[in-house]
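Below is one structure; the comments refer to it alone.
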Amino acid sequence: MALPSVWSVMRVAIPFISVVGLLSVRLAGASQDSGSVIPAESRPCVDCHAFEFMQRALQDLKKTAYNLDTRTETLLLRAEKRGLCDCFHAIH
């Protein structure tokens, strides 16, 4: 009796191993997900997260703009004061 060739055995073995591998991955994934299911109603949607993120970013930008505006105003007042003082000393 002749032994089957390597190629004929491989043609059967490769699909069989693939199917067994896919089934084992599915079963492992199913066992990990059980018990940790959060209902969709209690989870915030992606748009809500994006909105909250953008809202915080806008608040940070407003604070930064206010701080820069305040610093600019302070520097301008110092420059004006220095200019006035220089003029005052030059006159006297």
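Odds and ends about this structure:
- Verdict on LEU75 being modelled with pLDDT of 90 or more and aliphatic (A, V, I, L, M): yes
- Checked against (1) at pLDDT 70 or above; (2) in a loop (DSSP other than H, G, I, E, B), CYS48 passes all but condition (2).
- A single member of ALA57, ALA30 is modelled with pLDDT under 75, among the small types (Gly, Ala, Ser) and in a helix (DSSP H, G or I), and it is ALA30.
The values are calculated or read from the model by the stated rules, or taken from the named source; none is laboratory data. Model, not experiment: these values are computed from the prediction.
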